[in-house]
Amino acid sequence: MAYVALSEAEKTYILHGVEDDFRCDGRSRRDYRPMELETGLVSNASGSARLRLANTDILVGVKTEIDVPNPLTPEFGKLEFFVDCSANATPEFEGRGGSDLAQELVLSLQNAYESPLAFDYRTLCLIPGQQCWKLYIDILILECGGNLHDAVSLAAKAALFNTKLPRVTATLLDAGITDLIISDNPYDCTRIGIETVPLLVTVCKIGDYCLVDPSAEEEVCSTVSVVVSVSMRNGEPFLSGTHLTGGGAMHRDTMRNCLQLGLSIGEHLDKLLTKMLKLEQERVGPKRPKTVGFLK
């Protein structure tokens, strides 16, 4: 995260606002900042999304290729994350300054997507034991304004929703060799199901209270936060992973309250994100153009 210098008086002001459930920007402890989401921005990617959460700006691109499945999981596809912290986000990211933060975000996403119940890797398999889709999810942090875990997970899920996989047909050749034919028609494609794709919810502890969507200034005032991975299954939120950030400790009762708050907020976020993505898809397409003449 970007370092923000605060005086003791400013930290006390933020602490008192959290205690009164009236934060510096007028939000309550359960409120998120304004959010803007765009999809399909990167033309040379299979799917992309850009999310702006107040001053946090995230760009995600998804690229696909055909690979060989892991021998231990022959019926599963592959998923790989990469996070790059742009030096324009904050001067601290210059050189290798953002490598630790990038690695932390990658590990958080990998742990959240690790379970087959959180992401169905079987949908990426083409021929068990022989061919599968491998997705490269490249995440670029353009601006850092706090709460990167939540913003990155929201943008990644939106980019997966926007991802189009070309339709593949298999042909059996001589000697049992299978040949794959990939459709070059941009409208002949399949989508990735995102119903169970997890979201990360950061629950930040400031004083004796817990809050969501901390700003950069509020992150400075917190000694410990818990990142809750929430996955939806049959319309119910499930906990798919957690980890602590910061150098502080947390009482078990506080931890229980944080997990309950994270599950509640994660369910609400998932419903809003899914609704937003479906509305955008209905508004802008994809629609097959009407062919005329010899193209019929």
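The values are calculated or read from the model by the stated rules, or taken from the named source; none is laboratory data. Since we're looking at a predicted model, the values are computed, not measured. Note: ideal-geometry Cβ built from the backbone for every residue, glycine included; neighbour counts use all protein chains shown. Side chains are part of the model used for accessible areas, which takes the heavy atoms of the whole protein and leaves out ligands, DNA and RNA. Shrake-Rupley method; radii C 1.70, N 1.55, O 1.52, S 1.80 Å.
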Residue under evaluation E36, criteria (1) closer than 28 Å to C210 by Cα; (2) touching a Lys or Arg at 6+ places or on another chain (Cβ under 6 Å); (3) open to solvent by less than 60 Å² (accessible area, probe 1.4 Å), criterion not met: (3)
With the condition kept exactly as written, say whether any residue in segment 172-195 is part of a strand (DSSP E or B), in contact with a helix residue (DSSP H, G or I) (Cβ under 7 Å, 6 or more places away or on another chain), open to solvent by less than 50 Å² (accessible area, probe 1.4 Å) and within 18 Å of L154 (Cβ to Cβ). no
Have a look at D150, D138 and point out the one that is open to solvent by 40 Å² or more (accessible area, probe 1.4 Å), in contact with a Phe, Trp or Tyr (Cβ under 9 Å, 6 or more places away or on another chain) and either within 26 Å of A89 (Cα to Cα) or hydrophobic (A, V, I, L, M, F, W, C) (or both). D138
Considering T163, T123, which residue is touching a residue at least 60 places away in the same chain (Cβ under 8 Å) and open to solvent by 70 Å² or more (accessible area, probe 1.4 Å)? T123
Return only the number of the condition from (1) at pLDDT 90 or above; (2) open to solvent by 40 Å² or more (accessible area, probe 1.4 Å); (3) under 20 Å from the mean Cα position of the chain (by Cα) that T12 does not satisfy. (3)
For residues that are touching a helix residue (DSSP H, G or I) at 6+ places or on another chain (Cβ under 9 Å), touching a residue at least 40 places away in the same chain (Cβ under 8 Å) and either under 24 Å from C221 (Cβ atoms) or surrounded by fewer than 18 Cβ atoms within 10 Å (Cβ to Cβ) (or both), tally how many sit in segment 235-264. 3
Going by the structure shown, is E80 in contact with a Phe, Trp or Tyr (Cβ under 8 Å, 6 or more places away or on another chain), closer than 30 Å to L259 by Cα and open to solvent by 60 Å² or more (accessible area, probe 1.4 Å)? yes
Restricting to segment 103-119, give me the number of residues that are assigned to a loop (DSSP other than H, G, I, E, B) and either crowded, with 17+ Cβ neighbours inside 10 Å or touching a Gly at 6+ places or on another chain (Cβ under 6 Å) (or both). 2
If A5 meets every condition in (1) over 17 Å from L154 (Cβ atoms); (2) touching a Lys or Arg at 6+ places or on another chain (Cβ under 8 Å); (3) of a type outside the set (S, T, N, Q) apart from one, which number is that one? (2)
Return the total of residues in segment 85-97 being surrounded by 15 or more Cβ atoms within 10 Å (Cβ to Cβ) and either charged (D, E, K, R) or in contact with a Lys or Arg (Cβ under 8 Å, 6 or more places away or on another chain) (or both). 1
Take the conditions of a type in the set (A, V, I, L, M, F, W, C), open to solvent by less than 10 Å² (accessible area, probe 1.4 Å) and touching a His at 6+ places or on another chain (Cβ under 9 Å) and apply them to V201. Does it pass? yes
Could you check E65 against (1) of a type outside the set (A, V, I, L, M, F, W, C); (2) touching a residue at least 60 places away in the same chain (Cβ under 8 Å); (3) over 20 Å from K157 (Cβ atoms); (4) surrounded by 13 or more Cβ atoms within 10 Å (Cβ to Cβ) and say which number it fails? (4)
I need the full set of residues from segment 204-231 which are open to solvent by less than 10 Å² (accessible area, probe 1.4 Å) and more than 17 Å from E114 (Cα to Cα), in order please. C204, I206, L211, V212, D213, P214, E218, V224, V226
